[in-house]
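Data first, discussion second: the structure below is written as structure tokens.
The values are calculated or read from the model by the stated rules, or taken from the named source; none is laboratory data. Model, not experiment: these values are computed from the prediction. Here the Cβ positions follow ideal geometry from the backbone for every residue, glycine too, while neighbour counts run over all protein chains shown.
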Amino acid sequence: MPSPFKRLNFRHLTIVIVYALSAWFPSAQAAWPSEQPIKLIVPFALGSITDIMARIVAPELSQQIGQTIVVENMPGESGHVGTAYAIDQKGDGYSLLYTSNGPLVIEPNLYKGHKRNFPWRDLSPVSLIAYTPQVLFVNRDWGVNSLSSLVKKLQDNPGKFNIGSDGLGSKSAVAASLFMRATQTDLMQVPYTSTQQIVAALRENEIQVALLEPGVVNISQEQKKLVPLAATSTIKPSPYAPDSTDAIPTFATLGYDSLDTEVWHAVLTPAGTPTRIVNQINKAIQVVLAEPRIQQKFQLLYFTPKGSSPYILSNRIELETVHWRVKLKGLQK
């Protein structure tokens, strides 16, 4: 009996090979078998700097992966509520978390005895997105125009002035505590529900000091009311002097080496998300971050784009968890 394979011509053989390969290498579209929208969970309020950045990334990322992405804000407890919500989602590729380093490595370290688990243990890292410094602002009418004069005024008047933050455990609250410890000053820390409220309170002199990401301050409207005295790391371009790269001195150059923190953003997925999906999202993010128009939008908010592999993000989270555990010693609740 003649072998059936002898009757296969080149065209038939090609079809067989294509089908065989497709069984071993699923197509990119197979990562998301349905048209179900992907949730991009942001554990901060609508209008926060994290939310604004997420909404810049979302439509571009949606276009790259061919799936609708919907931003879902889940604010509360300095990012803990939204992060916990993201962890509880299925690892099926239809849920992503866009967050900052606060809920991942800073806030969990504030609680003794691991009152809160470290959330990154239940998340799969995808990519870093960008980073920015925090800037110390004061009200211009207060008559303080340098960090040294600010510190002297605060030391001469312990407990008489206010510093704003956006809640216990938040990046701004931690920065405020570290600032007071480094400068040996005592301010009343006043919590607000959003950074926009902090800016408004600073403008009206309800508080006198605040450490904020520069992107939350509308430079064109606020520069007549707010004065930047120092930044936790170099800011380029400077929001108050675009033609100068050193208009805002860093805390380190002014003698406060411990105030060297920066804010960074990243994307993660619930644990168990297939590697092929994580890798596809990572690849799409790198394309988005390389787009000049996206880089320009980031720079207008004083963020520097910086993508990474999942491994690099994972390594950074682990290292910074240890770093913040040491840095926050004595401040835990």
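Being over 29 Å from residue 152 (Cβ atoms) and at pLDDT 90 or above, is that true of even one residue in the range 254-265? Checking the range 254-265: at least one residue is over 29 Å from residue 152 (Cβ atoms) and at pLDDT 90 or above. Figure legend. Inter-residue proximity from the range 296-325: first residues closer than 24 Å to residue 107 by Cβ and of a type in the set (Phe, Trp, Tyr), second residues modelled with pLDDT of 95 or more and part of a helix (DSSP H, G or I), beta-carbon distance below 7 Å, spacing 6+ or different chains. Indicated pairs: 303/53. Here the range 74-101 is the region considered, the condition is being among the aromatic types (Phe, Trp, Tyr) and in contact (Cβ under 8 Å) with a residue 60 or more places away in the chain, and the residue that is nearest to residue 282 (Cα to Cα) is 98. Checked against the criterion of being more than 30 Å from residue 251 (Cβ to Cβ), among the hydrophobic types (A, V, I, L, M, F, W, C), in contact with a strand residue (DSSP E or B) (Cβ under 7 Å, 6 or more places away or on another chain) and surrounded by fewer than 24 Cβ atoms within 10 Å (Cβ to Cβ), the range 76-94 contains one or more residues that satisfy it.
Count of the range 75-114 residues, restricted to those that are of a type in the set (D, E, K, R) and at pLDDT 85 or above, is 3.
Here residue 315 fits the description: polar (S, T, N, Q), surrounded by fewer than 17 Cβ atoms within 10 Å (Cβ to Cβ) and under 21 Å from residue 87 (Cβ atoms).
For residue 194, are the conditions met, namely being at pLDDT below 90, surrounded by fewer than 23 Cβ atoms within 10 Å (Cβ to Cβ), more than 29 Å from residue 127 (Cβ to Cβ) and not assigned by TED's automatic domain parsing to the domain that holds residue 87?
no
Name the residue that is farthest from residue 294 (Cα to Cα), counting only residues in the range 59-106 that are among the aliphatic types (A, V, I, L, M) and touching a Ser or Thr at 6+ places or on another chain (Cβ under 6 Å). Here the answer is 105.
Of note, residue 101 satisfies the criterion of being within 30 Å of residue 254 (Cβ to Cβ), surrounded by 20 or more Cβ atoms within 10 Å (Cβ to Cβ), within 14 Å of the chain's Cα centre (by Cα) and in the same structural domain as residue 302 (by TED's automatic domain parsing).
Across the range 118-173, the number of residues qualifying as crowded, with 21+ Cβ neighbours inside 10 Å, touching an Asp or Glu at 6+ places or on another chain (Cβ under 7 Å) and at pLDDT 90 or above comes to 3.
Do we find that residue 236 is at pLDDT 85 or above and either closer than 30 Å to residue 140 by Cβ or surrounded by 15 or more Cβ atoms within 10 Å (Cβ to Cβ) (or both) in this structure? So residue 236 fails the test. Within the range 175-188, identify whether any single residue is in contact (Cβ under 8 Å) with a residue 24 or more places away in the chain, charged (D, E, K, R) and either assigned by TED's automatic domain parsing to the domain that holds residue 300 or farther than 22 Å from residue 249 by Cα (or both), and answer yes or no. Yes; the residues of the range 175-188 include at least one that is in contact (Cβ under 8 Å) with a residue 24 or more places away in the chain, charged (D, E, K, R) and either assigned by TED's automatic domain parsing to the domain that holds residue 300 or farther than 22 Å from residue 249 by Cα (or both). Of the helices (runs of 4 or more DSSP H) lying entirely inside the range 261-333, the ones with 1 or more residues being of a type in the set (Ser, Thr, Tyr) and more than 18 Å from the chain's Cα centre (by Cα) are found at 275-289.
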